[in-house]
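Structure record follows, encoded as structure tokens.
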Amino acid sequence: MNSIGKGHRGSQGGKRLGAALILLGGIGSASALEVHEWGTFTTLSSSAGYGLSGLYVDATRLPAFVHGLPYFNYDTSAGWAPLERLRHVTVKMETPVLYFYADRETPVEVKVDFRGGTISQWYPQCYLGEANPTAPFVDFAKEPYPGHIAWKATVLAPGTSLPYATAASGMETAEWTAPRNTTANQLRGEQGEIEKFLFYRGLGNFASPLKLSFHEPDTLVVENTGDEDIPWGMVYERSGPELWYPGGISFQGPIPAHGKLRVARPEKFPQYGDANAPMDTLYNHLVLMGLTTQEARALLNTWYNGYFIEGGLKVFWILPRKQVDGILPLDIRPVPDKVVRVMVGRSEILPPEFEQGLYQAQADGSLAATYGSHRYYQAYLEFLSHGKDWHLTTSLGRSARVGRPAEAKGARAGWNPPGAGGWAAPWFSGDSHGRMNGKENGKENGRESEKSGAFDPRGRRIRPLYPLPGK
């Protein structure tokens, strides 16, 4: 097996292309390897478009069997990394997972770099990673943090179904098991750990090409500052955490390079209930970007509550592949026949009327009581530390939505606390044996056929979606 080294690529392109047909039901005799990755990351900005730091807190904790750097490990009392150790965390990189599809048992070596952040947690155990920091604190804005990790693992033969040792631990969570519901091969780590994927995540600070701001009341400005088209984005808003709270889509479509969109916030949204309509929309585009239907379901099952049940104003968008490769360089040996990488951004923004609520809570001394348990509390403190003059006073003073219904005011304080009402069952779920419910279409040997096209969870053929009328 080749050792990891940047820039090395084999010259067997034609042969590998033919071999890849095995995975799609074609013919061939050479070994084939295909790798698919999906991941998510979160950012938060003020209504004027300033990126806020303080994104330390996770909505759900990882199981204790996940490996990590002790420096960034959870504080046992607070439930997240000790805040005194972290500075200027503007990006939470969440749940990238790598799936491997091979026609036979195949040893692999995988390296991932994180330009601008730490890869602080992973599974299975790696053989190479970052040194545990020793400084009193890490400032992610001081210089690009050189995060990295490398694994040696064995992709097991198709059809292998070994027990997961983590299942016996009693520590698995629904968010951990949801990504397993695919037809990817099982993996064995160097230390014998069996899993369906390689997992990693971390914290960092890097410039996002998507900028959000309010330049006037009730109009969100969505800007792509990058040189690459954003293939698809969706503006989604929900006023609170209960399933009956209204929510909906005010824009969906591509965002061209250096393009700027103005999106009006409707006073009322349709009653989406369990959020299936926006889920279907994102699902379609995940498949169109190259994920299998099962992989797309796995992503959505993992993030169902955080994405579509939590209240808030957020933009979901698919990062251009070139930017994914620039932020998270990936090197795999032997070189796969095909690599699919789909990274979904969740960019949230504080609406002007919510910021007014923060100022009011600070003035009357209720800030900690009202917002202290929320995962963005540290970001709220940073926002308030700048004072009102830092922000667009016209937007704050003239917002037509200050008089929104009472149930929407201050709702963010209660959004999605662990175990709270409003958490819903996953959109798709497997039974106790891991078999997928819902219709599978165009499958041959457990893989979707390219000829059959892509289908939504109800068996309907996917067609490209475009901005809503009038947007």
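Based on protein heavy atoms only, the stretch 169-209 ends up with 33 Å² per residue of surface accessible to a 1.4 Å probe.
In this view, the solvent-accessible surface of S161, computed with a 1.4 Å probe and all protein chains in place, comes to about 100 Å².
Under a point spin-label approximation (7 Å from Cα along Cα-to-Cβ), what is the K388-A135 distance to one decimal in nm? Result: 3.7 nm between the two label points. Given their separation in residues at 0.36 nm each and the Cα-Cα distance between them, Q191 and S161 gain 9.0 nm when the chain is fully extended. With every protein chain in place and a 1.4 angstrom probe, the accessible-area ranking of R87, R333, largest first, reads R87, R333. Spin-label model, Y74 to D364: label points 7 Å out along the Cα-to-beta-carbon direction sit 3.4 nm apart. Potential lengthening of the chain between R262 and E84 amounts to 60.2 nm, from the contour at 0.36 nm per residue minus the alpha-carbon distance. The figure for S385 is an accessible area of roughly 90 square angstrom, using a 1.4 Å probe on the protein chains alone. Taking amide H positions as modeled 1.01 Å from N, with prolines and chain starts lacking one, the residues under 5 Å from H148 and 5 or more places away or on another chain are F114, I119, E130. Taking a ≥ b ≥ c as the square roots of the eigenvalues of the Cα gyration tensor, the stretch 282-389 is prolate, since a/c reaches 1.5 or more and a/b is larger than b/c. With each label modelled as a point 7 angstrom along the Cα→C-beta vector, the E216-E105 pair spans 6.7 nm. Taking amide H atoms as placed 1.01 Å from N in the peptide plane, the amide H of A32 lies under 5 Å from those of D103, R104, each 5 or more residues away in sequence or on another chain. Here r is the Cβ-Cβ distance between Y127 and D227 and R0 is 35 Å; the resulting FRET efficiency, rounded to 0.05, is 0.45. The string of couplings for the stretch 142-158 from the Karplus curve (6.51, -1.76, 1.60, θ = phi - 60°) is 5, 7, x, 7, x, x, 6, 7, 8, 10, 10, 8, 10, 6, 6, 4, x Hz, one whole number per residue in order, with x for Gly and Pro. Taking all protein chains together and rolling a 1.4 Å probe, K196 ends up with roughly 30 Å² accessible.
Amide H to amide H, with H built 1.01 Å from N, V57 comes under 5 Å of no residue 5 or more places away or on another chain.
For the stretch 67-189, the Kirkwood estimate of hydrodynamic radius, built from reciprocal distances between every pair of different alpha carbons, is 16.5 Å.
The values are calculated or read from the model by the stated rules, or taken from the named source; none is laboratory data. Quick caveat: nothing in here was measured; it's all calculated off a predicted structure. Using ideal geometry, Cβ is built from the backbone for each residue, glycine included, and neighbour counts are taken over all protein chains shown. Side chains are part of the model used for accessible areas, which takes the heavy atoms of the whole protein and leaves out ligands, DNA and RNA. Shrake-Rupley method; radii C 1.70, N 1.55, O 1.52, S 1.80 Å.
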